[in-house]
Amino acid sequence: MLLLNLDHVAVAVADLDEAVEGFRSRYGVEPAYREVVEEQGVEEAMIPVGGSYVQLLQPLGPDTPVGRFLERRGEGLHHVAYAVPDIEAALAHLAAEGAELIDAEPRIGGRGARIAFVHPRGGNGILTELVELA
């Protein structure tokens, strides 16, 4: 399996507008992308940092994965995402290594990317996302 790049670090936030404004005023950066991803129950903003992003995630409701995360843990680091050239090969490799896959098959995420999540139990307590860009 080949990791191409750190695609993004995702941060769960209660108020996306406020979080974007904080990045804008503190660091002088603007989101490169902002979209609603209904299938994941989030609105996201991607803040470019070098060749990677900080992804700000606001839940669309309390019964979504990010909504439940905020309820349990509050705002903060949600997951780390790595770009891969072939997501099916990456998932097969991880399954063969005994990783607990949340997504055995890729799905479509923000930016039209194919994504899949790996459970934190297999990643030093950190939820991991694999990203194959469109």
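The values are calculated or read from the model by the stated rules, or taken from the named source; none is laboratory data. Being a predicted model, the structure only gives us computed values, none of them experimental. Cβ placement follows ideal geometry from the backbone for every residue including glycine, while neighbour counts extend to all protein chains displayed.
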Verdict on Val66 being surrounded by 15 or more Cβ atoms within 10 Å (Cβ to Cβ) and touching a residue at least 60 places away in the same chain (Cβ under 8 Å): no
Matching residues in the range 87-99 - criterion: being in contact with a strand residue (DSSP E or B) (Cβ under 8 Å, 6 or more places away or on another chain) and either in a helix (DSSP H, G or I) or closer than 25 Å to Leu56 by Cα (or both): Ile87, Ala90, Leu91, Leu94, Ala95
Of all residues in the range 11-36 being without any contact (Cβ under 8 Å) to a residue 24 or more places away in the chain and small (Gly, Ala, Ser), the one that is surrounded by the most Cβ atoms within 10 Å (Cβ to Cβ): Gly22
Scan of the range 86-134 for residues that are under 15 Å from Asp7 (Cβ atoms) and over 17 Å from the mean Cα position of the chain (by Cα), ordered by number: Asp86
Among (1) closer than 18 Å to Pro62 by Cβ; (2) within 13 Å of the chain's Cα centre (by Cα) - the single one His8 does not satisfy: (1)
The range 24-36: number of residues that are over 16 Å from the mean Cα position of the chain (by Cα) and either closer than 15 Å to Gly76 by Cβ or assigned to a loop (DSSP other than H, G, I, E, B) (or both): 3
Filtered residues of the range 37-57 (kept if assigned to a loop (DSSP other than H, G, I, E, B) and either over 13 Å from the mean Cα position of the chain (by Cα) or more than 20 Å from Pro106 (Cβ to Cβ) (or both)): Gly50, Gly51
Condition met for Glu39 (touching a residue at least 40 places away in the same chain (Cβ under 8 Å), closer than 27 Å to Leu3 by Cβ, surrounded by 12 or more Cβ atoms within 10 Å (Cβ to Cβ) and acidic (Asp, Glu)): no
Lone qualifier among Leu133, Leu127, Leu101 - being surrounded by 13 or more Cβ atoms within 10 Å (Cβ to Cβ), at pLDDT below 95, on the phi < 0 side of the Ramachandran plot and not hydroxyl-bearing (Ser, Thr, Tyr): Leu133
